[in-house]
1. Output the residues belonging to segment 95-119 that are out of contact with any Gly (no Cβ under 6 Å at 6 or more places or on another chain) and farther than 16 Å from Asn300 by Cα.
2. Pairs, please: C-beta under 7 Å, at least 6 apart or cross-chain, first residue under 15 Å from Leu309 (Cα atoms) and β-branched (Val, Ile, Thr) and in segment 458-485, second open to solvent by 40 Å² or more (accessible area, probe 1.4 Å) and at pLDDT 90 or above?
3. Of the numbered conditions (1) aromatic (Phe, Trp, Tyr); (2) surrounded by 15 or more Cβ atoms within 10 Å (Cβ to Cβ); (3) over 28 Å from the mean Cα position of the chain (by Cα); (4) under 30 Å from Val270 (Cα atoms), Trp336 fails exactly one; give the number of that condition.
4. Any residue at all in segment 193-206 that's under 20 Å from the mean Cα position of the chain (by Cα) and modelled with pLDDT under 90?
5. For segment 418-447, what are the residues that are outside any helix (DSSP H, G or I) and under 25 Å from the mean Cα position of the chain (by Cα)?
6. Test each condition in (1) farther than 13 Å from Asn3 by Cβ; (2) open to solvent by 20 Å² or more (accessible area, probe 1.4 Å) for Ala149 and report the one that comes out false.
7. Show me the helices (runs of 4 or more DSSP H) found entirely inside segment 1-113 where at least 2 residues are under 21 Å from the mean Cα position of the chain (by Cα).
8. Is there a residue in segment 197-206 that is surrounded by fewer than 18 Cβ atoms within 10 Å (Cβ to Cβ), assigned to a helix (DSSP H, G or I) and among the aromatic types (Phe, Trp, Tyr)?
Amino acid sequence: MQNVGAAWYMATLAQSALLVALVQTATNLPVFLLGVPAGAFGDIVDRRKLLLVTQAWMLAAAAALGALTIAGITGPWTLLWLTFALGLGATMNGPAWQAIMPELVPKKELPSAIALNSLGFNLARAVGPALGGLVVAWIGAGAAFILNAISFVGVLIVLYLWKRAPEHASNSTERVMTAIWAGMRYVRFAPTMHSVLIRSGTFVISASALWSMLPLVAKVELHRDSSGFGVLLGCLGGGSILGALIIGRLRQVLSAEVFVTAAVALFGLVNIALAYLESFTAVAFVLLAGGVAWMSVNANLNTAAQTSLPSWVRARGLAVYLLVFQGAMAVGSVIWGEVANRFGLRTTLFVAGVTLCIAAAATARLRLTGSRELDNTPSLHLPEPALLVERHPEHGPVLVTVEYFIDPKSGADFARAMESLRKIRRRDGAIRWGLFEDAAVPGRYIETFVVDSWAEHLRQHERMTVSDREVESKARAYHRTADPPIVTHWIAARD
């Protein structure tokens, strides 16, 4: 409703296509400017309090826009700045909102909860613009803005009443820039997130063709007005509802990898069918299948991201996921729009469909680790190292060495086990890692890794999960002496 009101009101304020287009830019630009920092804030501050602040911010921006519009004071730039303020609030809200979901439902019900959340979003996207158009036509754009402001009150009440379970408190507080780099480093060394991001990016950049071309399909190919376009959007939304209802049962018989691959291919076939169909009824039925596929892909990828990310980095990881999704949608829309200008609408849909089928085949082997396979509960098994020399917690870098004595015949197997541990060390905070063998003593190995500061190394201890501990135990099983591996901490000498 807000988006319809803003776009329509801008069209009445200024007969400029650029200013009308800038309304959408003002809404989406904050995602690219602050998406990743928003994830950092979602991890280093209390998520409930952050959500209360962001919801109150959006309430204030929407209320100000509504009041100024009703008073007749709003001009084009006032509308753009307040729309940008709403976009800022939504951007800061998004990662934390996604990250709290595992705190609200049991782990086994998370896929269904994500599907339900997606269902609500798709219903709102289908119904909201129609309601917004009615409100704007009946009362005016200011009323739509005020209704948007009122909607935040309910969310604020729910958040205020939510009794959030206390989390393990870190011994040191991360700075925002440190948190951003820690989040990017984690994603870089997290194989499951690689699979999620590659699958999501390749899917959305091609799937954006259908979303961006659908108005033209309705108007040019099917000769329908805006109500017909609304029906087609409703069919996509209806398919999403159907997908949300069946996704739980399908996940019981299909692996996440097979499920996502099949859904991407189905969405590709929907695009190919739209390139040939001329019947409005046939297109509507095909779009039902498209809605099922859209819901299936995004719900499964979101679930894979949620369940693979530990709590300490969940908002940052989801911020990167949302950034890739939004970026692929924006870039894809531009690409397919240019293709349609040069080669025609039906050719564009056909090429996009074929591209989706190719993407499904190309990404089929990318593994999406399921929630049953990972336990991201903090293990907290590592003792806090002693710092007896006088140093500030942010002093660094810190060099950690771990000395192993193994059977020389098991060297190759030990190195492979340590490779898995390397990824954990790097994503949890190490900026360098190495494994060295003593040239004079067969079977003696030294693992080394460097961390930016003493405080970051303490956070590294807190970040290790139960699943990470199992990987570490497999590597340490090769150690053959009665005493555990010798761990030594070295901190940079004073300048």
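The values are calculated or read from the model by the stated rules, or taken from the named source; none is laboratory data. All values reported here derive from a predicted model rather than from experimental measurement. Cβ atoms come from the backbone with ideal geometry, glycine included; neighbour counts cover every protein chain shown. For accessibility, only protein heavy atoms count, side chains too; no ligands or nucleic acids. Shrake-Rupley method; radii C 1.70, N 1.55, O 1.52, S 1.80 Å.
1. Trp97, Ile100, Glu103, Leu104, Val105, Pro106 - these are the residues of segment 95-119 that are out of contact with any Gly (no Cβ under 6 Å at 6 or more places or on another chain) and farther than 16 Å from Asn300 by Cα.
2. Qualifying pairs under 7 Å: none.
3. Against the list (1) aromatic (Phe, Trp, Tyr); (2) surrounded by 15 or more Cβ atoms within 10 Å (Cβ to Cβ); (3) over 28 Å from the mean Cα position of the chain (by Cα); (4) under 30 Å from Val270 (Cα atoms), Trp336 comes up short only on (3).
4. No: zero hits.
5. Hits for segment 418-447 are Gly429, Ala430, Ile431.
6. Exception for Ala149: condition (2).
7. The helices (runs of 4 or more DSSP H) meeting that bar are 17-44, 47-70, 76-99, 101-104.
8. Initial filter on segment 197-206 (surrounded by fewer than 18 Cβ atoms within 10 Å (Cβ to Cβ)): 198.
In the following step, the residues that additionally are assigned to a helix (DSSP H, G or I) were identified as 198.
Subset that is among the aromatic types (Phe, Trp, Tyr): none.
No.
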